[in-house]
Amino acid sequence: RTLTGVIVSDAVTLTGGTATFNSKTVGTGKLVSAIDFLLSGADAGNYSLGTVGTTTANITPLGISGSFTSVDKEYDGTINATIVIRIANDVIGTDIVNLIGGTATFSDKNVGDNKTVSLVGASITGDDALNYTLNSVSTTTASITAKSVTASVTASDKIYDGDNTATISSRTITGVLPADAAN
């Protein structure tokens with residue numbers, strides 16, 4: 001706060017007041033207006049406050065984080081994960097900012113519980129998205145369950161020998177992914 005026109009030896013200061021940007025949106029060199037200032041100090045009664053000048057300042061984007069949820073899946077030989085919900089965290093008030101896009105992947109393709117799932121390439125959109133920047137997206141967890149396969153066998157014919165043992169002549173597994181080896 002700066003006062004002009006005060007005699008150097010007088011004790012007068014500018015107090016109080018409210019400053020407001022011309023809009024809430026991100027930008028550089030934005031106009032700032034101020035109102036409701038008071039003069040205070042031992043010599044304040046000798047002065048009256050005229051106009052309060054405007055100034056400019058910048059509003060920079062707020063860094064936010066994102067999060068998402070993924071669903072469990074049956075083993076399919078890939079690390080691909082399915083996103084169910086995307087959330088833009090730390091958004092102020094009723095601002096409209098949405099987390100969109102990106103690719104979710106499991107840490108590896110193998111069966112397991114509570115496996116780490118990561119999302120890369122996400123971005124933000126919405127009416128107020130330009131006022132924010134996406135800093136990071138947290139990981140989540142999901143499980144990969146075993147793929148159900150069907151087995152069949154073929155038995156060789158035999159001559160009666162007094163017991164019920166059979167000789168398996170062939171084995172077949174149906175449902176194994178082409179890239180996986182299973183016997």
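The accessible surface of the range 27-139, taken with every protein chain in place and a 1.4 Å probe, is 50 percent carbon and sulfur.
A simple charge model with +1 on the Cβ of Lys and Arg, -1 on the Cβ of Asp and Glu and nothing else charged puts the dipole of the range 75-123 at about 100 debye relative to its Cα centre. Since only Ser67, Gly93, Thr54 are under comparison, the one whose Cα sits farthest along the positive direction of the charge dipole of the range 1-125, derived from C-beta charges on Lys, Arg, Asp and Glu, is Thr54.
Only one of the listed values, [x] 1.49; [y] 0.96; [z] 0.93, was derived from the coordinates as Rg/Rh (Cα atoms, Kirkwood Rh); which label is it? Given [x] 1.49; [y] 0.96; [z] 0.93, the calculated one carries the label [x]. Ranking Asn80, Ser169, Val32 by how far each Cα lies toward the positive end of the dipole of the chain (charges on Cβ) leaves Val32 at the top.
Summarising the amide proton neighbourhood of Val32: residues at separation of 5 or more, or on other chains, whose placed amide H is nearer than 5 Å comprise Thr55, Thr56, Ala57. Rounded to the nearest 20 debye, the dipole size of the chain about its Cα centre is 280 debye, using +1 on the Cβ of Lys and Arg and -1 on the Cβ of Asp and Glu. With all protein chains in place and ligands, DNA and RNA left out, the 1.4 Å accessible area ranks Ile100, Ile144 as Ile100, Ile144, largest first.
With each label modelled as a point 7 angstrom along the Cα→C-beta vector, the Leu130-Asp95 pair spans 1.4 nm. Computed over protein heavy atoms with a 1.4 Å probe, the accessible surface of the range 1-101 works out to 64 Å² per residue.
To the nearest 20 debye, what charge dipole does the range 65-151 have about its Cα centre, counting +1 at the Cβ of each Lys and Arg and -1 at the Cβ of each Asp and Glu? Each step should come with its number before you reach the end.
Working: 5 positive and 9 negative charges, 66 e Å.
In debye, rounded to 20, the range 65-151 gives about 320.
Highest mobility in the GNM of the chain, judged by mean-square fluctuation with C-alpha springs under 10 Å and restricted to Gly101, Gly93, Gly126, is found for Gly93.
Using Cα pairs under 8 angstrom and six or more residues apart, how large is the relative contact order of the chain, in percent?
Working: 360 pairs, mean separation 31.3, N = 183.
Rounded, it is 17 percent for the chain.
For trypsin sites (Lys or Arg not before Pro), the sites in the range 11-118 that DSSP calls loop and that have at most 15 other Cβ atoms within 10 Å are Lys24.
Among 11-19, 129-137, how do they line up from the highest to the lowest mean number of other beta-carbon atoms within 10 Å?
On the way: 11-19: 13.2, 129-137: 17.0.
Per-residue Cβ counts within 10 Å, averaged per peptide and sorted highest first, yield 129-137, 11-19.
The values are calculated or read from the model by the stated rules, or taken from the named source; none is laboratory data. These numbers were taken from a predicted model, which means no experiment stands behind them. For neighbour counting, all protein chains shown are included, and Cβ atoms are generated from backbone atoms with ideal geometry for every residue, glycine included. Accessible surface is based on the protein model in full, side chains and every heavy atom, while ligands, DNA and RNA are left aside. Shrake-Rupley method; radii C 1.70, N 1.55, O 1.52, S 1.80 Å.
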